[in-house]
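Novice: There's a structure below that I have some questions on.
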Amino acid sequence: MKITTVGRQMDVSEDLKALFEKKLRKFDKFFRDDAKAYITLSKKRNLEVLELTISSGGTLYRSEKASTTFNNALDEVIEAIERQIRKNKTRLEKRLRDGAFVKENGDAALASVEEEPEFNIRVKSFAIKPMTPEEAILQMNLIGHSFFMFRNAESDEVNVVYKRYDNGYGLIIPT
């Protein structure tokens, strides 16, 4: 797995990079050699925030945790991604490395993770009216949703606006 580490407004020490590489070897049993891991480090208030995104076979796995140290945050992030993989193992088996779910010693705790049942998809249809992203954000806030799909009046493409955790807004544009 190729690992890229980025520090936001901070330098990342070689010791920390070596620790990340060592701990992420745990995922070698799940991912093929062409997998890529992106680690982003930042500090917010008195906490150290670590975001881990793994890209493998066209599928993204992501988790972000804040803790007192990057080491603790890394442990939490690794646990969260492994839980995601195990929870969806039936759907992911074709995308992961062969033998990814062969039971190993010490795997008992994660073997107890209940697998996600069939997805219950509710289908909703509505007319898409051309509007600006600002109008879409207003409409999203009026209906109390965290995202809103609309046809962009400027580009005539379907876009999505969403509410971010930092109370800002995001715009998703297809490429």
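Where a number appears in this text, it was derived from the coordinates with a stated rule and is not lab data. The structure displayed is predicted, hence computed values, not measured ones. Reconstructed Cβ throughout: ideal geometry from the backbone, glycine too, with neighbour counts over all protein chains shown.
Novice: Along segment 70-83, what does the Karplus equation 6.51 cos²θ - 1.76 cosθ + 1.60 (θ = phi - 60°) give for ³J(HN,Hα), rounded to whole Hz, x for Gly and Pro?
Specialist: Each residue's phi maps through the Karplus curve to give 5, 4, 5, 4, 4, 4, 5, 5, 4, 4, 5, 5, 5, 5 Hz.
Novice: Using 1/(1 + (r/R0)^6) with R0 = 30 angstrom and r between the beta carbons of residue 29 and residue 149, what's the FRET efficiency to the nearest 0.05?
Specialist: Details: r = 38 Å, r/R0 = 1.26.
Between residue 29 and residue 149 the formula returns 0.20.
Novice: Still on this structure: Which whole-Hz ³J(HN,Hα) couplings does segment 153-165 yield from phi under the Karplus relation 6.51 cos²θ - 1.76 cosθ + 1.60, θ = phi - 60°, glycine and proline marked x?
Specialist: Rounded to whole hertz, the list is 5, 7, 9, 6, 9, 7, 10, 10, 9, 8, 8, 8, 4.
Novice: Another question, if that's okay. Please report, in whole Å, how far the alpha carbons of the chain spread along each principal axis, starting with the longest.
Specialist: 55, 41, 27
Novice: For the chain, with only Lys/Arg (+1) and Asp/Glu (-1) charged at the beta-carbon, what is the dipole magnitude about the Cα centre, in debye rounded to 20? Working shown, then result.
Specialist: Details: 30 positive and 28 negative charges, 40 e Å.
About 200 debye.
Novice: Can you compute the FRET efficiency between residue 129 and residue 59 using 1/(1 + (r/R0)^6), with r the Cβ-Cβ distance and R0 = 41 Å? Round to the nearest 0.05. The partial results should precede the final answer.
Specialist: Numbers: r = 33 Å, r/R0 = 0.81.
That pair, residue 129 with residue 59, gives E of 0.80.
Novice: Here is a further query. Using the Cα centre of segment 130-172 as the reference point, and only Cβ charges (+1 on K/R, -1 on D/E), how large is the resulting charge dipole? Debye, rounded to the nearest 20.
Specialist: Charge dipole, segment 130-172, about its Cα centre: 220 debye, nearest 20.
Novice: Can you list residues whose amide H is under 5 Å from residue 35's amide H, if they're 5+ apart or on another chain and H is modeled 1.01 Å from N?
Specialist: For residue 35, whose amide H was placed from the backbone, the distant partners under 5 Å are 2.
Novice: Compare the Cα positions of 123, 144, 35 along the charge dipole of the chain (+1 at Cβ of Lys, Arg; -1 at Cβ of Asp, Glu; about the Cα centre) and return the one farthest towards the positive end.
Specialist: 123
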